[in-house]
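The values are calculated or read from the model by the stated rules, or taken from the named source; none is laboratory data. Keep in mind that what you see is a predicted model, and the values were worked out from it rather than measured. When we count neighbours, we look across all protein chains shown, and the Cβ atoms used for this are built from the backbone with ideal geometry, even at glycine.
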Amino acid sequence: MARILSREDLLAIPRGGMALATGGGGVRPLEEVVEKMVDDALDQGKEFKLVTLEEIPDDVVVLSGIGTGGGIRVEQKLRWMNLPGFFAASGGVLRTGFDGLTFIHDQIKLKDKTFAPLNSWSELPGPDWAEAGLKRLKEIIGDKKIFSQLLGEINQMIIRSLIRYPDRGWPIIDAAGAGHRAVPECSITSLNIHDVPVCPAVITTSWGDLLVLEKTLSWQRAEEIVEGISTYSGGTAGGPLAVEGKVMKKAAIPGAMSFTIKIGKAINKAVESGDDPIEAMIKASDGWAYKVFEGKVTALLFEEKYGFIWGYSLLKGTGEWEGHHLKIWFKNENHISWLDEKPYITSPDGLNVIDPKTGWGLSNFWTSEWEYGREVVVVGVRAEDIWRTEKGLKLLGPKHFGYDIPYKPIEEIVG
């Protein structure tokens with residue numbers, strides 16, 4: 001039976017999502033912005049229903065998606081820049097909001113004067129462009145009923161899309177394609193493991209481009225096609241695909257949303273009462289989370305390319321980790337770590353760097369979070385069993401990212 005989410009549940013999503021997002025998912029929205037979004041929606045009488053996979057009817061369509069978003073090189077950004085100050089010290093426009101459509105129009109007009117003249121048939125994207133991909137997909141699938149959209153991953157930004165679900169008549173599905181973490185590639189999804197077709201899918205960019213992916217070799221090829229489009233589109237591109245309800249019930253990873261809410265509520269309560277948010281998170285996880293390091297920030301090193309941010313975070317141990325050093329490699333999200341230069345926790349298990357005072361996770365996208373000397377705790381979260389299968393490790397294990405390191409489950413490392 002559907003669960004109606006409370007204000008407390010909804011406000012827990014950003015903090016729970018950021019504690020589980022493994023350093024990815026962009027920057028977190030301002031707390032006052034989230035509170036206003038939630039309060040406005042509830043004041044309007046909107047209900048947020050959380051349903052299990054079993055409650056999805058067999059004969060409906062559930063949307064999923066392909067897409068990517070991250071960094072590109074400066075020379076590419078100068079040609080097609082779709083976000084101002086994305087990696088600003090303040091967290092940039094993804095925190096404060098901005099008139100994205102006007103920004104895009106200004107950029108197009110600038111390009112028209114320099115290297116990309118408009119044609120007589122050119123159409124600038126309008127205010128309804130965000131719906132263009134879904135509109136085209138509906139034309140492809142016909143009159144099939146759309147039940148809802150599956151979350152691709154868990155992160156701090158999902159509240160911005162979830163807040164609009166009641167307007168569409170959609171419930172929130174208690175599941176995610178990546179489980180209870182964020183991932184850098186749309187191919188890293190349980191739908192891939194279950195051989196759910198990725199085509200047809202619709203891909204749009206901020207610039208008024210729309211493409212239908214009718215056939216591709218694999219989910220990984222679809223991912224890399226989107227990466228190529230994203231690289232020359234400002235760093236983001238993507239869109240929806242349709243999955244039958246009876247297929248989605250078996251293919252998605254259950255429990256991700258309720259787990260996120262549970263973690264977020266525990267952290268929020270601990271912060272409000274002056275208790276330890278790290279202990280609260282670990283206790284609320286019921287054996288999924290482990291404290292794997294404690295220390296201070298030494299540095300965050302990264303570069304932007306191919307639609308991602310890549311780099312390392314460096315931590316110096318304190319307390320029981322005094323004299324030890326942790327290095328974490330990330331591709332948007334954290335994936336590989338070395339304790340004193342020896343392989344330590346790796347994907348598919350999650351690695352979350354968290355402020356022990358506020359309970360907020362640190363985002364690799366938000367440079368000012370990584371102040372030299374800032375106290376942090378690293379919480380590892382055990383991956384769902386599906387990621388530990390042969391195919392799961394091909395998609396999210398160390399070798400997927402080019403590291404010839406054998407995967408060792410987190411519980412075997414830290415006990």
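If you go through the range 306-319 and pick out every residue that is part of a strand (DSSP E or B) and on the phi > 0 side of the Ramachandran plot, you end up with 1. For the range 35-58, a residue qualifies if it is hydrophobic (A, V, I, L, M, F, W, C), within 21 Å of the chain's Cα centre (by Cα) and within 27 Å of Trp360 (Cβ to Cβ), and the qualifying residues are Met37, Val38, Phe48, Leu50.
When you check Glu279 against the structure, is it out of contact with any Lys or Arg (no Cβ under 8 Å at 6 or more places or on another chain), among the acidic types (Asp, Glu) and over 16 Å from Val378 (Cβ atoms), yes or no? So Glu279 does not fit the description; no. If you go through the range 203-212 and keep only what is touching a helix residue (DSSP H, G or I) at 6+ places or on another chain (Cβ under 6 Å) and either of a type in the set (Phe, Trp, Tyr) or over 26 Å from Asp112 (Cβ atoms) (or both), you end up with nothing. Looking only at the range 373-383, residues that are in contact with a Pro (Cβ under 8 Å, 6 or more places away or on another chain) and of a type outside the set (Val, Ile, Thr) come to 3 in all.
Of all the numbered requirements in (1) surrounded by fewer than 19 Cβ atoms within 10 Å (Cβ to Cβ); (2) under 16 Å from Trp360 (Cα atoms); (3) at pLDDT 95 or above, Ser90 misses one, and that requirement is (3). Within the range 6-34, restricting attention to residues that are out of contact with any helix residue (DSSP H, G or I) (no Cβ under 7 Å at 6 or more places or on another chain) and surrounded by fewer than 23 Cβ atoms within 10 Å (Cβ to Cβ), the residue that is nearest to Trp360 (Cα to Cα) is Glu31. Looking across the range 208-239, the residues that are of a type in the set (A, V, I, L, M, F, W, C) and surrounded by fewer than 17 Cβ atoms within 10 Å (Cβ to Cβ) come down to Leu210, Val212, Leu217. Taking the range 352-384 as the range and being touching an Asp or Glu at 6+ places or on another chain (Cβ under 8 Å) and either assigned to a loop (DSSP other than H, G, I, E, B) or surrounded by fewer than 17 Cβ atoms within 10 Å (Cβ to Cβ) (or both) as the test, the residues that pass are Asp355, Pro356, Lys357, Leu362, Ser363, Asn364, Arg374, Glu375, Arg382, Ala383.
Those residues that are in a loop (DSSP other than H, G, I, E, B), over 22 Å from Leu124 (Cα atoms) and in contact (Cβ under 8 Å) with a residue 40 or more places away in the chain, I need them from the range 198-235; list them, please.
Val198, Cys199, Pro200
Restricting attention to the range 234-270 and to residues that are at pLDDT 95 or above and of a type in the set (Ser, Thr, Tyr), the residue that is farthest from the chain's Cα centre (by Cα) turns out to be Ser258. The residues of the range 123-165 that are polar (S, T, N, Q) and either assigned to a helix (DSSP H, G or I) or free of Cβ contacts under 8 Å to residues at least 40 places away in the same chain (or both) amount to a single one, Ser161.
Only one of the numbered conditions (1) in a helix (DSSP H, G or I); (2) farther than 13 Å from Val183 by Cα is not met by Trp387, and that is (2).
Residues in the range 41-73 that are at pLDDT below 95, part of a loop (DSSP other than H, G, I, E, B) and surrounded by 18 or more Cβ atoms within 10 Å (Cβ to Cβ): Gly70, Gly71, Ile72.
When restricted to residues that are part of a helix (DSSP H, G or I) and in contact with a strand residue (DSSP E or B) (Cβ under 7 Å, 6 or more places away or on another chain), the range 259-300 contains 3. How many residues are touching a residue at least 24 places away in the same chain (Cβ under 8 Å) and out of contact with any His (no Cβ under 8 Å at 6 or more places or on another chain) when one looks only at the range 342-356? So the answer is 9. Within the range 1-55, track down each residue that is in contact with a strand residue (DSSP E or B) (Cβ under 6 Å, 6 or more places away or on another chain) and among the polar types (S, T, N, Q). Selection gives Thr22 alone. Number of residues in the range 299-323 that are surrounded by 15 or more Cβ atoms within 10 Å (Cβ to Cβ), over 28 Å from Ile229 (Cα atoms) and hydrophobic (A, V, I, L, M, F, W, C): the value is 3.
Take Glu75 and decide whether it is without any contact (Cβ under 8 Å) to a residue 60 or more places away in the chain and closer than 17 Å to Gly307 by Cβ. For Glu75, the condition - without any contact (Cβ under 8 Å) to a residue 60 or more places away in the chain and closer than 17 Å to Gly307 by Cβ - is met.
Lys331: over 30 Å from Leu162 (Cα atoms) and either surrounded by fewer than 23 Cβ atoms within 10 Å (Cβ to Cβ) or under 19 Å from the mean Cα position of the chain (by Cα) (or both), yes or no? Answer is no for this residue.
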